Amino acid sequence: MYTLVLILHSWLRWAVVVTGFLATASTFVARPAGASDPTDRWGLFFMASLDLQMLVGLALYFVLSPTTAAIFKDFGGAMTDPVARFWAVEHISAMLLAVVLVHVGRVLGRKAATPAKKRTRLMVCFTLAMLLILARTPWPGMTAGRPLFHV
């Protein structure tokens, strides 16, 4: 079960990265025009893919992962190991913050008084979320790196 969920989590990252890039890019180029504009659609897809990724990731973190199970047995000791610290704290914290930023951005965008304010709020929140996601995804070559396509 662990391997299957890990593969799903690995592949879902691409949905998050692609929809996040498109949602963020659309805030820079598209002008908000109501519920049917590209920014709203890509923002919804970004949020949905991120929520699904978070649920799968939390299942790994709290239930399925032997890595986090070992980390929880000696959390203090794990903080001295850069790879263990990445999985125990850095990855999950950054990703949870990215989820919050996307949700907050969408709510603030809906409550904005003008289309320009909506665009600015979405731009800031989506850009910050994408920076966190890209910085704390375990890309190949990083200390805690994983393959681009886990199989």
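Look at the stretch 133-151: where a residue is under 16 Å from T67 (Cα atoms) and surrounded by 13 or more Cβ atoms within 10 Å (Cβ to Cβ) and a partner is of a type in the set (S, T, Y) and modelled with pLDDT of 90 or more, sitting 6+ places away or on another chain with Cβ atoms under 7 Å, you get R146/S10. Taking each residue of the stretch 59-75 that is over 17 Å from S93 (Cβ atoms) and looking for partners that are surrounded by fewer than 12 Cβ atoms within 10 Å (Cβ to Cβ) with beta-carbon atoms closer than 7 Å, six or more apart or interchain, yields L64/M1. The conditions are (1) of a type in the set (G, A, S); (2) touching a Phe, Trp or Tyr at 6+ places or on another chain (Cβ under 9 Å); (3) within 30 Å of R119 (Cα to Cα); (4) free of Cβ contacts under 8 Å to residues at least 40 places away in the same chain, and G43 fails exactly one of them. Which is it? Result: G43 fails condition (4) only. Scanning the stretch 100-112 for residues that are of a type in the set (G, A, S) and in a helix (DSSP H, G or I), we see that the one that is surrounded by the most Cβ atoms within 10 Å (Cβ to Cβ) is G105.
Just to be sure before I move on: is G77 buried (at least 19 other Cβ atoms within 10 Å of the Cβ) and either over 23 Å from L8 (Cα atoms) or touching a strand residue (DSSP E or B) at 6+ places or on another chain (Cβ under 7 Å) (or both) in the structure I sent? No, not satisfied.
Of all residue pairs spaced 6 or more apart or on separate chains, those with beta-carbon atoms under 7 Å, a first member in the stretch 1-19 that is surrounded by 16 or more Cβ atoms within 10 Å (Cβ to Cβ) and a second member that is modelled with pLDDT under 95 and assigned to a helix (DSSP H, G or I) are T19/W42.
Among the criteria (1) among the hydrophobic types (A, V, I, L, M, F, W, C); (2) over 16 Å from the mean Cα position of the chain (by Cα); (3) surrounded by fewer than 19 Cβ atoms within 10 Å (Cβ to Cβ), the one L97 does not fulfil is (2).
The values are calculated or read from the model by the stated rules, or taken from the named source; none is laboratory data. As the structure is a prediction and not an experimental result, all values here were calculated from the model. Quick reminder, even Gly has a Cβ in these numbers, built from the backbone with ideal geometry, and neighbours come from all protein chains shown.
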